[in-house]
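The values are calculated or read from the model by the stated rules, or taken from the named source; none is laboratory data. Everything numeric in this text was worked out from a predicted model, so none of it was measured. Neighbour counts run over all protein chains shown; Cβ positions are idealised from the backbone, glycine included.
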Amino acid sequence: MRIAVTYENGNIFQHFGHTEYFKVYDAENGEVTRSSVISTNGSGHGALAQLLKMLRVDVLICGGIGGGAQNALREAGIKLYGGVSGDADKAVEALLKETLAFNPDVKCNHHGEEHEHNHNCGDHGCGSHSCGH
């Protein structure tokens, strides 16, 4: 299994579309066999899903992620564990032990630039309303 995590300074970066790095882990029999940090080279939302597909990633662990990126990951056959924060290595260990706490209904967490009014989805969770109102 190949697992990617949005990555910054050892932690899970909280906005998928703006991540500059992924830490990619190869795992077999519930153990990490190798890992490496890969630059996204400034790729944006849609290109990131394609980069992960090219890297043959099976699973993505991230913080906030918008609907379009979720769809792109689904189309690429990549399983999403969103709404996760904290230490990247520990999150992967938890995933392998099947104890990872994640949000299956994660929505945009930081897409303030897409709003017509001045608020940030992170202030109120964004899952309780349509982000386009």
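List of remarks:
- Checked against (1) polar (S, T, N, Q); (2) surrounded by fewer than 20 Cβ atoms within 10 Å (Cβ to Cβ); (3) within 13 Å of the chain's Cα centre (by Cα), Thr6 passes all but condition (2).
- Search result, residues across segment 76-95 that are out of contact with any strand residue (DSSP E or B) (no Cβ under 6 Å at 6 or more places or on another chain), within 16 Å of Lys23 (Cβ to Cβ) and hydrophobic (A, V, I, L, M, F, W, C): Ala94, Leu95
- Enumeration of residues in segment 76-95 that are charged (D, E, K, R), in contact (Cβ under 8 Å) with a residue 12 or more places away in the chain and part of a helix (DSSP H, G or I): Asp89, Glu93
- Residue tally, condition assigned to a loop (DSSP other than H, G, I, E, B) and closer than 13 Å to Phe16 by Cβ, over segment 58-75: 4
- For segment 9-20, the set of residues classified as crowded, with 20+ Cβ neighbours inside 10 Å and either without any contact (Cβ under 8 Å) to a residue 24 or more places away in the chain or not in a strand (DSSP E or B) (or both) consists of Phe13, Phe16, Gly17, Thr19, listed by residue number.
- Unmet requirement for Val106, which otherwise passes all of (1) touching a strand residue (DSSP E or B) at 6+ places or on another chain (Cβ under 7 Å); (2) modelled with pLDDT of 90 or more: (2)
- Within segment 21-53, the set of residues being modelled with pLDDT of 95 or more, exposed (fewer than 15 other Cβ atoms within 10 Å of the Cβ) and not in a strand (DSSP E or B) is empty.
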